[in-house]
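The next block holds one structure in the form of structure tokens; read it before the comments.
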Amino acid sequence: MEDIEHIEKEMKLIGSDGRRLDGRSFDELRPIRIEAGVLRRADGSAYIEWGGNKVLAAVYGPREAHPRHLQDPARALVQCRYNMAPFSVSDRKRPGPDRRSVEISKVISEAFSSVVFKEQFPRTSVDIFIEVLQADAGTRCAGLTAASVALADAGVPMRDLVASCASGKIDGVVCLDLNKDEDNFGDADCPMAIVPRTGDVVLLQMDGHLTYDEFQKAMGLSIDAARRIYEMQRDALRRRYSVTLEDILKESPPTAPVAEERPVTSEEDFGPEGI
Amino acid sequence: MSEEIVSELMRAHIYRLASTGQRVDGRGLDQPRKVSVDRAFVKTAEGSARVKLGNTDVLVGIKMSVGEPYPDTPNTGVLSTSVELIPMASPTFEAGPPRPDAIELARVVDRGIRESKMVNMERLCITPKEKVWILFIDIHVLDYDGNLFDACSYAAVAALASTVAPAKSQGLGDDFPLPVEHWPVSVTTAKIKELLLVDPSLDEERMADARLTVTTDENGDIRAMQKGLSGSFTYEEVKRIIETAQRVGRDIRPLLQSS
């Protein structure tokens, strides 16, 4: 315990050159890789590696809502289950939901509720499953970002994708996308998610200590990063679904349908080029 | 394992093909699907492996901690296996406490590892009666496309083989790889009417009358068996299944051993 306090006092999270422990500048994201359509059984799925985070997201539905009394005769439910694998953290996490996962599941469900066209699917449920396989701070943002791609992969109609990123404060400096050490020893953490097309904020949490100016700076960093992440999400979907003229000509007969069995979300949601 | 229905057409098709020695995915009746092993997938775990058996996808993470031994085995480490059938993996899986099928699965995987003495648990004793290593095998099923018994077992074995005990962080000397001494391989056979199919796919498994999992070690000796479902086997069938398990086990074992 003494050791930890000692480290806490001594630990410098930002070096004299302004670089963070992992060499990033204050407004730099960790490396992100997104892959769409990675699971066979799920209606839609995505995998994301975000720094040291490895997160899988799967979507089922719209399907009959269970338990039945939850069914809404006017619209679909959007239900999320965020779960951490017992081996995803350094001290084994007891399996099953704890208070933290329940809260995260709730705020993510609410974030997606505002973009899914729920009125089109009365009495059903859109079920989103987020599994954190390896955690390194920022798992809810990684999970939300992946789940968003999984929803598109499932063909669930949405106003837009949701893109998410956290900012925080370390050594008194507002920084983008904290890693585990920065989160543990930093001063504040503020995860958020936006609908990039409108700029609507659909998830916002914060703990720690930020002045109003610092908060605005953090939001500025996060919004800017979310727009970059949005492009990565769209890229992942394009890689999964895009078909070039060459691909089509290679198919024989030339009139054969595109080799995709899954429905693609309507074109206008993703701009004129589709996904 | 599931209440999903296989259509009559598919049932008839699977059976008709199988009675001519063929399967829907092109395999022979005694041929398992392709096994791929991805080691050290999770860096927060002491050991891990992601195994794909066809499209069935399983991730196992091994965590180790120090604790008290059971009073009746004061000189051996503790092994604990659990399976989570997370709702991501199949439309029929639901969140919540483990159901009987998940418990059976965990216990069968555990039995193969424990009874084969794969890991020398006595060497995981630190101070007799007081301090031993506790091994947690956490099995996460990510995509369920049939035959979880074998997929989970392969992933658990491969993960254990890549596990390094975090002794240094516990002040117990240098980190060391687990003392792995044997190599159990589980092979499951499903019975559809009078036909025996190794490594059943999802549809085959759902229409199976009976199931037999046989775990053999590197000498071909049987270390664990589990019969499931309501159908039955003749003694001749059981012998054939064991022989197949020994042969298939020999083919699969090197995939789990190589690092």
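Read-outs: derived from the displayed coordinates by stated rules, not from any lab. Note that this is a predicted model, so its numbers are computed, not measured. Virtual Cβ from ideal backbone geometry, glycine too; neighbours counted across all protein chains shown.
List the pairs from A:Lys54/B:Lys52; A:Lys180/B:Lys63; B:Lys63/B:Lys227; A:Lys250/B:Lys52; B:Lys63/B:Lys129; A:Lys93/B:Lys129 whose alpha-carbon separation is above 23 Å, in the order I gave them. Can you show the working numbers first?
Numbers: A:Lys54/B:Lys52 17 Å; A:Lys180/B:Lys63 19 Å; B:Lys63/B:Lys227 30 Å; A:Lys250/B:Lys52 31 Å; B:Lys63/B:Lys129 21 Å; A:Lys93/B:Lys129 26 Å.
Over 23 Å Cα-Cα: B:Lys63/B:Lys227; A:Lys250/B:Lys52; A:Lys93/B:Lys129.
Given +1 on the Cβ of Lys and Arg, -1 on the Cβ of Asp and Glu, and no further charges, what dipole in debye does the protein assembly as shown carry about its Cα centre, rounded to the nearest 20? Dipole of the protein assembly as shown, to the nearest 20 debye: 1060 debye. Taking a straight line from the alpha carbon of A:Lys217, these lysines sit under 16 Å away, with near neighbours fewer than eight places off in the same chain left out: A:Lys169.
Treat chain B as a sphere of radius equal to its Kirkwood radius over Cα pairs and apply Stokes-Einstein at 4 °C in a medium of 1.567 mPa s; give the translational diffusion coefficient in µm²/s, rounded to a whole number. Working shown, then result.
Numbers: Rh = 18.9 Å.
Translational diffusion coefficient: 69 µm²/s.
Of the peptides A:172-183, B:49-60, B:8-19, the ranking by mean beta-carbon count within 10 Å, highest at the top, reads B:49-60, A:172-183, B:8-19.
Helix B:148-161: angle to the longest alpha-carbon principal axis of chain B, degrees 0 to 90, nearest 10? So the helix axis and the longest Cα principal axis differ by about 30 degrees. Taking the Cβ-Cβ separation of A:Glu246 and A:Arg197 as r and a Förster radius of 41 Å, what is the calculated FRET efficiency to the nearest 0.05? Efficiency for this residue pair is about 0.85. On the basis of the beta-carbon distance and an R0 of 25 Å, A:Leu70 and B:Thr92 show a calculated FRET efficiency of 0.85. Within the same chain, aspartates and glutamates fewer than 8 places from B:Lys43 are excluded, and of the rest, those with a Cα less than 13 Å from its Cα are A:Glu49, A:Asp91, A:Asp136. Counting only alpha carbon atoms, the long axis of helix B:100-115 and the longest principal axis of chain B meet at about 60°. One way to sum up the overall shape of segment A:1-120 is the equivalent ellipsoid from its Cα gyration tensor, whose semi-axes run 37, 19, 15 Å, largest first. Dipole size of segment A:1-143 about its Cα centre, with +1 on Lys/Arg Cβ and -1 on Asp/Glu Cβ: approximately 620 debye, rounded to the nearest 20.
Derived scalar couplings between HN and Hα for segment A:56-64 equal 10, 10, 9, 10, 10, x, x, 9, 4 Hz in order, rounded to whole Hz, by the Karplus curve 6.51 cos²θ - 1.76 cosθ + 1.60 (θ = phi - 60°), x for Gly and Pro.
Dividing the Cα radius of gyration of the protein assembly as shown by 2.2 N^0.38 Å, with N the residue count, gives 1.05.
Sequence-distant contacts, meaning Cα pairs under 8 Å at least 6 residues apart, place the relative contact order of chain B at 21 percent.
For the pair B:Ser7 and A:Asp17, a Förster radius of 45 Å applied to the C-beta separation gives a FRET efficiency near 0.10, rounded to the nearest 0.05.
In the protein assembly as shown, helices alone account for a calculated mean residue ellipticity at 222 nm of -9000 deg cm²/dmol, with every DSSP H run of four or more residues adding -39,500 (n - 2.57). Axis of helix B:235-257 versus longest Cα principal axis of chain B: the two differ by about 50°, to the nearest ten degrees.
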